[in-house]
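Undergrad: Structure below; questions to follow.
The values are calculated or read from the model by the stated rules, or taken from the named source; none is laboratory data. For clarity, every value in this text was computed on a predicted model and none was experimentally measured. Neighbour counts run over all protein chains shown; Cβ positions are idealised from the backbone, glycine included. What goes into the accessible areas is simple: the full protein's heavy atoms, side chains included, and nothing from ligands, DNA or RNA. Shrake-Rupley method; radii C 1.70, N 1.55, O 1.52, S 1.80 Å.
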Amino acid sequence: SLAPWAQAQQYPSHPIRLIIPWPPGGITDVISRGLGIQLTESLGQQVIPDNRPGAAGTLGVGIAAKSNADGYTLLMTDVPSHAISASLYTKLTYHPQKDIEPVALPSQSPLVLVVKSKSGIKTTAQLIEYAKKHPEFSFASSGPGSITHLPGERFTRLTGIKPLHVPYKGGGPATAALVGGEAGMYFSCISAAIPHIKSGRLTLLGITLPQRSPLYPDTPTLAESFPGFVMGCNPGFFAPAGVPPKILDRIYAEVMKAVAQPRMKELLVANSSEAAPYSRAQFKDYVAAEMRAWSEVVRAANLKVD
């Protein structure tokens with residue numbers, strides 16, 4: 001039948017909804033909105049961001065999974081959270097691999113371990129020492145099973161500290177809680193932490209890159225103390241399963257073209273992100289690899305959410 005081919009030829013003929021399963025203000029939201037503007041220009045149709053936060057990102061992903069597979073509902077969520085929820089949640093309304101198709105990875109950026117500057121903690125070693133002496137010490141996250149929660153679990157297991165986990169409804173609220181002194185430490189997506197590091201409200205202790213960042217050459221990587229402690233806030237473009245391949249190829253090409261534009265490059269640099277040079281097949285492999293890696297962390301931490 002020529003119908004899907006004809007649809008792909010005319011795509012897009014009306015506005016596209018871009019579901020963001022997180023509250024406004026986090027890295028995924030910021031990059032989604034920047035891309036939305038760029039794609040609206042290049043596709044000649046409005047790309048409308050639609051924040052659907054809840055259940056550590058799984059609410060919005062579920063809405064996308066159940067949408068028509070016609071390319072008019074897309075999803076932008078960070079790969080680690082998507083991968084973590086695959087093994088963390090026992091009752092998802094969708095199958096993370098069968099119902100959601102990876103399309104493109106526009107950018108990648110690290111996590112940073114931060115504490116409130118007033119705490120006086122200047123190094124990871126001091127943090128560990130402090131947490132061992134203060135049983136009330138806690139760590140914030142953007143929600144149970146989120147990209148900011150599991151690194152905290154992994155860190156506490158590696159260091160033997162036992163802080164209380166305090167989940168918030170997204171990266172914005174978690175960062176605010178740390179700045180306000182409600183929590184002791186936080187693995188933040190770097191973009192959310194930068195303004196507070198620059199203003200002196202938060203102290204940067206470590207970064208989850210394979211090697212030190214040229215932006216913060218004096219900040220040790222966590223891998224220097226804990227080999228293999230490398231991860232990032234990598235927001236990816238996804239679609240409901242079954243979207244015609246021609247449409248997916250078009251979206252992939254437009255996303256990759258968009259991140260190469262000066263305005264998007266500036267936005268990425270401002271958020272300590274860089275464009276990810278993945279083909280569609282490589283992105284798919286990366287998502288599958290993340291699902292395997294995080295399922296081991298979830299298993300080791302003995303975490304399950306109904």
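Undergrad: Give me the percent of accessible area attributable to carbon and sulfur for the chain, probe 1.4 angstrom.
TA: 56
Undergrad: Show log10 I(q)/I(0) for segment 151-306 at q = 0.15 Å⁻¹, two decimals, from a solvent-free Debye sum over equal Cα scatterers.
TA: With one equal scatterer per Cα and no solvent, log10 I(q)/I(0) is -1.05.
Undergrad: Sticking with this structure for a sec: How large is the Kirkwood hydrodynamic radius of the chain, counting all unique pairs of alpha carbons, in Å?
TA: The answer is 19.7 Å.
Undergrad: Additional query: With unit charges on the beta carbon (Lys/Arg positive, Asp/Glu negative), name the residue among G184, A288, N68 whose Cα is farthest towards the positive pole of the charge dipole of the chain.
TA: Working it through, the farthest residue towards the positive pole turns out to be G184.
Undergrad: Related question: Looking only at A65, A223, A239, which one moves most when the chain is put into a Gaussian network model with springs between Cα atoms under 10 Å?
TA: A223
Undergrad: Here is the link list: K91/K265; K66/K265; K66/K169; K169/K265; K198/K265; K122/K162. Which ones come out longer than 27 Å on Cα distance?
TA: Result: K91/K265; K66/K265; K169/K265 exceed 27 Å.
Undergrad: DSSP loop (so not H, G, I, E, B), at most 12 other Cβ within 10 Å: list which GluC sites (Glu not before Pro) in segment 101-171 pass both filters.
TA: Details: sites: E129, E136, E153; in loops: E136.
Qualifying residues, ordered by number: E136.
Undergrad: Now for a separate question. How many Å² of accessible area per residue for the chain, probe 1.4 Å?
TA: Spelled out: the 1.4 Å probe surface of the chain, per residue, equals 43 Å².
Undergrad: A follow-up question, please. Using θ = phi - 60° and the Karplus form 6.51 cos²θ - 1.76 cosθ + 1.60, what ³J(HN,Hα) does each residue of segment 75-91 get, whole Hz, x for Gly and Pro?
TA: Ordered by residue, 3J(HN,Hα) equals 9, 10, 9, 6, 4, x, 4, 4, 5, 5, 5, 4, 10, 7, 8, 7, 10 Hz.
Undergrad: Turning to a different aspect of this structure: Using Cα positions and a limit of under 19 Å, work out the aspartates and glutamates in reach of K304, with same-chain residues fewer than 8 apart set aside.
TA: Correct list for K304: E153, E290, E296.
Undergrad: Could I ask something else about it? Considering only the other residues whose Cβ falls under 14 Å of the Cβ of L248, what net charge follows from Lys and Arg at +1 and Asp and Glu at -1?
TA: Numbers: positive: K246, R250, R280, K284; negative: D70, E101, D249, E254.
With Lys, Arg at +1 and Asp, Glu at -1, the neighbours total 0.
Undergrad: In Å, what is the Rg of the alpha-carbon atoms in segment 1-136, and how long is Dmax?
TA: Cα radius of gyration and Dmax of segment 1-136 are 19.7, 69 Å respectively.
Undergrad: In segment 54-148, what trypsin sites (Lys or Arg not before Pro) fall in a loop by DSSP, with at most 16 other Cβ atoms inside 10 Å?
TA: Sparse-neighbourhood loop trypsin sites (Lys or Arg not before Pro): K66, K91, K98, K122.
Undergrad: Quick one: Karplus J couplings for segment 247-255, per residue in order, coefficients 6.51, -1.76, 1.60, θ = phi - 60°, nearest Hz, x for Gly and Pro?
TA: 5, 4, 4, 5, 4, 4, 4, 5, 5
Undergrad: So who's got an amide H within less than 5 Å of the one on N234, skipping anything under 5 residues away but keeping other chains? H placed 1.01 Å off N, in plane.
TA: Under 5 Å from the amide H of N234: V79, S109.
Undergrad: Taking the Cα centre as origin and putting +1 on Lys and Arg beta-carbons and -1 on Asp and Glu beta-carbons, what dipole magnitude results for the chain, to the nearest 20 debye?
TA: Details: 28 positive and 21 negative charges, 88 e Å.
That gives a dipole near 420 debye.
Undergrad: Between K257 and L158, what is the label-to-label distance in nm when each label sits 7 Å out along the Cα-to-Cβ direction?
TA: So the two model labels end up 4.1 nm from each other.
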